[in-house]
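These notes concern the structure reproduced below.
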Amino acid sequence: MDRKQVGILIFDDVEVLDFCGPFEVLSVTRLDEEKRREEPSPFDVSLVAEGESPITTTGGMRVVPDHTLENSPPLDILVVPGGWGTRREAGNGGLLEWIVARSNEVETIASVCTGSMLLGKAKLLEGRRATTHWQSLDRMESSFPNVEVVYDEHVIEDGDVMTSAGISAGIDLALRLVAKHHGEKIARNTARYMEYPYPEDNARRI
């Protein structure tokens with residue numbers, strides 16, 4: 001099986017479901033439901049942070065990254081979550097440079113919630129349609145005048161860049177990634193396994 005290498009960026013004050021939602025979806029995906037315990041997901045998912053030390057999420061969960069920015073393996077997909085920590089990381093030049101460099105290598109770069117603000121700071125949303133958490137839509141529009149901010153859609157795909165609404169929307173974004181690579185049937189099976197309603201439309205939930 002040719003597994004897609006997925007890196008999910010984490011940092012202090014990251015929103016828990018922003019990264020755990022996509023991690024869950026992509027790690028429990030199976031191409032053959034009858035061999036769920038025998039075969040791995042077609043996505044090999046790892047957590048990437050700036051350093052080796054555990055990070056502390058919004059809410060206080062401590063998480064140990066699998067890789068650092070320096071030793072992360074080559075990636076096919078990069079997911080950038082949001083959370084209050086994005087306000088600090090927006091001024092982290094080294095992290096933004098790493099995101100830009102990886103964006104030139106991956107097939108898809110995706111953000112959840114205010115992770116899109118980091119993509120905006122990295123100038124990866126210029127001339128594109130994008131979205132974010134409903135509370136940050138106006139801030140996104142004022143911060144990035146060359147971005148077409150979408151207020152009424154849940155997940156936006158513009159070329160090789162995907163952005164989503166807030167927090168739980170990362171689950172829908174990840175299901176979109178599953179469908180993109182392995183078809184809607186596999187994506188629906190994944191949602192069913194998770195006992196999560198498959199998104200039948202792309203209207204913003206809030």
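Data for the structure
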read-out	value
Distant-in-sequence amide H partners of residue 10 (H built 1.01 Å from N, under 5 Å)	48, 49
GNM flexibility winner over the chain from 85, 159, 170 (Cα, springs under 10 Å)	159
Karplus 3J(HN,Hα) series, Hz, for segment 25-37 with 6.51 cos²θ - 1.76 cosθ + 1.60 (x for Gly, Pro)	4, 6, 7, 9, 4, 9, 7, 9, 4, 6, 10, 4, 8
Backbone N within segment 28-55 under 15 Å of label point (7 Å from residue 198 Cα along the Cβ vector)	29-33
Charge context of residue 170, other residues only, Cβ under 10 angstrom, K/R +1, D/E -1	-4
Equivalent ellipsoid dimensions for segment 4-193 as semi-axes, Å, which come from the Cα gyration tensor, largest first	25, 19, 15
Segment 19-44-segment 60-80 distance, computed between alpha-carbon centres (Å)	18 Å
Cβ-placed point charges (K, R +1; D, E -1), dipole of segment 4-193 about Cα centre in debye, nearest 20	240 debye
Per-pair calculated FRET efficiency, R0 = 45 Å: residue 138 and residue 2 via Cβ, rounded to 0.05	0.60
Rough spin-label spacing in nm, given labels placed 7 Å along Cα→Cβ, for residue 35 and residue 61	3.1 nm
Net charge contributed by nearby residues that have their C-beta within less than 14 Å of residue 88 (K/R +1, D/E -1)	-3
Normalised contact order of segment 56-116, rounded percent, pairs of Cα under 8 Å and 6 or more residues apart	46 percent
Relative contact order (%) - criterion: Cα under 8 Å, at least six apart; region: the chain	21 percent
Residues residue 101 and residue 146, FRET efficiency given R0 of 22 Å [Cβ-Cβ distance, rounded to 0.05]	0.55
Spin-label pair residue 90/residue 53, simplified geometry with 7 Å Cα→Cβ offset, distance in nm	2.5 nm
Relative packing of peptides 145-151, 20-26 - highest average C-beta neighbours within 10 Å first	20-26, 145-151
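Throughout, read-outs are computed from the coordinates displayed, never taken from laboratory work. Just so it is clear, the structure is predicted and the values come from calculations on it, not from any experiment. Neighbour counts are summed over all protein chains in view; Cβ atoms, including those assigned to glycine, are modelled from backbone coordinates with ideal geometry.
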